[in-house]
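Structure record follows, encoded as structure tokens.
The values are calculated or read from the model by the stated rules, or taken from the named source; none is laboratory data. Keep in mind the model is a prediction, meaning the values are calculated, not measured. Neighbour counts run over all protein chains shown; Cβ positions are idealised from the backbone, glycine included.
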Amino acid sequence: MARKGISEIFEMVQNAPELQQKVAILRAFDNPVLRDVSKMAYDADLKWVVPETMLYTPCPFPYMENSLYKEFRKVYLFVEGGNPNLHPIKRQALFKNFLETLDPQDAELMMAVRNKKMPYNIPAEVFEAAWPGWMPVRVLPPSQAPVGGASLEVSHSSENTSVDLNNLSEIAKSKTIGADAGIIEVQKTKKPRKKKTDA
């Protein structure tokens, strides 16, 4: 299954009619960038150091839906504490370039998030239901970012007709997801710890 862009995932969540399906989509497509972007829209403590409005030229190239995953590593430059020695004019130029590199829909998303707005109709409670304890966010420079993480293992409920992940985006966009579609269960698997032996 092709990797979905951040805006595409949010649109799927918005279009899903049931809370359990919104949660299932967020868990099925869970990734660090998705979490951080959603947190930024609601974290009152996060302070941005770039203008609330920015004139930029939307990216004219097609198939740029995945560019935000790569470019997100630069976001620490645009928030308080990320790089205090960076000149404001240079910072604004980098932010403009950042927006122009993204898929236009993701660029609009990041401008909305910069202004503490979630442009999709997804209340904070939906994110909390999908990822308990998801707040707050702290965007760190790459050198301070945590390394590693749990892998995702996707299984389906056997009680109802399961949702085919390959068709999940089409189902969400057509608004046909319902309680009878089944709940996708996403479990984090961790490597077993080695038992300590007594000396």
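All of (1) small (Gly, Ala, Ser); (2) modelled with pLDDT of 95 or more; (3) within 30 Å of Asn85 (Cα to Cα) hold for Ala16 with one exception: (3). Of all the numbered requirements in (1) modelled with pLDDT of 95 or more; (2) closer than 18 Å to Met135 by Cα; (3) among the aliphatic types (A, V, I, L, M), Ala44 misses one, and that requirement is (1). In the condition set (1) touching a residue at least 40 places away in the same chain (Cβ under 8 Å); (2) among the charged types (D, E, K, R); (3) over 22 Å from Phe127 (Cβ atoms), Arg35 is compliant with all but (3). Quick check: anything in region 20-28 within 17 Å of the chain's Cα centre (by Cα) and either on the phi > 0 side of the Ramachandran plot or part of a loop (DSSP other than H, G, I, E, B) (or both)? The answer is no, given that none of the residues of region 20-28 is within 17 Å of the chain's Cα centre (by Cα) and either on the phi > 0 side of the Ramachandran plot or part of a loop (DSSP other than H, G, I, E, B) (or both). Asp45 falls short on exactly one of the conditions (1) over 15 Å from the mean Cα position of the chain (by Cα); (2) under 13 Å from Ala107 (Cα atoms), and that condition is (2). Of all residue pairs spaced 6 or more apart or on separate chains, those with beta-carbon atoms under 7 Å, a first member in region 76-88 that is free of Cβ contacts under 8 Å to residues at least 24 places away in the same chain and a second member that is assigned to a helix (DSSP H, G or I) and surrounded by 13 or more Cβ atoms within 10 Å (Cβ to Cβ) are Leu77/Arg91; Leu77/Leu94; Leu86/Leu77. Scanning region 35-70 for residues that are surrounded by 18 or more Cβ atoms within 10 Å (Cβ to Cβ) and either basic (Lys, Arg) or in a helix (DSSP H, G or I) (or both) returns Asp36, Val37, Ser38, Lys39, Met40, Ser67, Leu68. Scanning region 110-130 for residues being part of a helix (DSSP H, G or I) and either buried (at least 17 other Cβ atoms within 10 Å of the Cβ) or in contact with a Ser or Thr (Cβ under 8 Å, 6 or more places away or on another chain) (or both) gives a total of 7.
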